[in-house]
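What follows is a single structure, written as structure tokens, with notes after it.
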Amino acid sequence: SDTAAEMEAIRKASMDAGAYDAVVSNHWAEGGKGAEALGRAVIAACEAGKSEDFRYLYDLDLPIRTKIEIISKEIYGADGVDFSDAAEQQMAQYESSGFGKLPICIAKTQYSFSCDAAAKGVPTGFRIFVREIRSCVGAGFLYPICGDIMTIPGLPTRPGFYDVDIDTETGAVIGLF
């Protein structure tokens, strides 16, 4: 429902902010075909980039706790991080098992920089709560579960099946897209 002018304004703002490219992706409606332009843009950006310029926000040799604290403070603006007893035990277990040098990918609400989905904008004066830490050793990262969040990605607050129906006269499925 966005107009061409609105989409161009977003593209221009993205490019002005330093993006390599900004393309439309509507894979949710067209499957792989809808993500083709995005895939090509990602490939072009990777090929144009210099791998020697890549660096993590933190040194991978730092303890898990320190890496989580750096991300929480530097990216999200948190005052600090609190860890559950389970998270403390998991950090110790991962480090003693040789997985302490893996990078971190934090799982938290997408609605706020804090763990409180209702705290919109750029909240201040908050702490990140790490409930547990899970591993994707094969993929090569650890992911702290912060606050009250489910880890199944992409689920809307109102399930899409509410809008799906069958036209009883034609038998056609309606409401998918």
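Go through the stretch 77-91 and count every residue that is assigned to a helix (DSSP H, G or I) and surrounded by 13 or more Cβ atoms within 10 Å (Cβ to Cβ). So the count comes out to 6. The set of residues in the stretch 21-46 being β-branched (Val, Ile, Thr) and either exposed (fewer than 12 other Cβ atoms within 10 Å of the Cβ) or not in a helix (DSSP H, G or I) (or both) consists of 23, 24, 43. Which of the residues that make up the stretch 47-76 are open to solvent by 70 Å² or more (accessible area, probe 1.4 Å), assigned to a loop (DSSP other than H, G, I, E, B) and not aliphatic (A, V, I, L, M)? Matches in the stretch 47-76: 50, 54, 55, 56, 59, 61.
Looking only at residues that are basic (Lys, Arg) and modelled with pLDDT of 95 or more in the stretch 120-133, which one is farthest from residue 86 (Cα to Cα)? Checking each candidate, the answer is 127.
Kindly evaluate residue 64 against the criterion of being closer than 26 Å to residue 145 by Cβ, under 20 Å from the mean Cα position of the chain (by Cα) and in contact (Cβ under 8 Å) with a residue 60 or more places away in the chain. Yes. For the stretch 63-80, a residue qualifies if it is within 15 Å of residue 109 (Cα to Cα) and not hydrophobic (A, V, I, L, M, F, W, C), and the qualifying residues are 72, 76, 77. Evaluate the following for residue 86: is it within 26 Å of residue 112 (Cα to Cα) and over 19 Å from the mean Cα position of the chain (by Cα)? Taking the combined requirement at face value, the residue satisfies it. Listed by first and then second residue, the pairs linking a residue in the stretch 121-149 that is under 19 Å from residue 63 (Cβ atoms) to a residue that is charged (D, E, K, R), with Cβ atoms under 6 Å apart and 6 or more places separating them unless they lie on different chains, are 127/79; 127/82; 129/82; 143/134; 145/131; 145/132; 146/108.
Yes/no per residue for (1) buried (at least 16 other Cβ atoms within 10 Å of the Cβ); (2) of a type in the set (A, V, I, L, M, F, W, C); (3) in contact with a Leu (Cβ under 8 Å, 6 or more places away or on another chain):
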{"site": "107", "(1), (2), (3)": "yes, yes, no"}
{"site": "110", "(1), (2), (3)": "no, no, no"}
{"site": "113", "(1), (2), (3)": "yes, yes, no"}
{"site": "118", "(1), (2), (3)": "no, yes, no"}
{"site": "127", "(1), (2), (3)": "no, no, no"}
{"site": "137", "(1), (2), (3)": "no, yes, yes"}
{"site": "148", "(1), (2), (3)": "no, no, no"}
{"site": "151", "(1), (2), (3)": "no, no, no"}
{"site": "159", "(1), (2), (3)": "no, no, no"}
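Can you pull out the residues in the stretch 7-55 that are of a type in the set (S, T, N, Q) and in contact (Cβ under 8 Å) with a residue 12 or more places away in the chain? Across the stretch 7-55, the qualifying residue is only 25.
Kindly indicate whether any position in the stretch 31-44 is in contact with a Leu (Cβ under 9 Å, 6 or more places away or on another chain) and among the hydrophobic types (A, V, I, L, M, F, W, C). Within the stretch 31-44, not a single residue is in contact with a Leu (Cβ under 9 Å, 6 or more places away or on another chain) and among the hydrophobic types (A, V, I, L, M, F, W, C).
Name the one entry in 111, 76, 94 that is more than 17 Å from residue 132 (Cα to Cα) and touching a strand residue (DSSP E or B) at 6+ places or on another chain (Cβ under 8 Å). Testing whether each residue is more than 17 Å from residue 132 (Cα to Cα) and touching a strand residue (DSSP E or B) at 6+ places or on another chain (Cβ under 8 Å) leaves just 76.
The values are calculated or read from the model by the stated rules, or taken from the named source; none is laboratory data. The structure displayed is predicted, hence computed values, not measured ones. Backbone-built Cβ (ideal geometry, glycine too); neighbour counts: all protein chains shown. These accessible areas exclude ligands, DNA and RNA; they are computed on the full protein's heavy atoms, side chains included. Shrake-Rupley method; radii C 1.70, N 1.55, O 1.52, S 1.80 Å.
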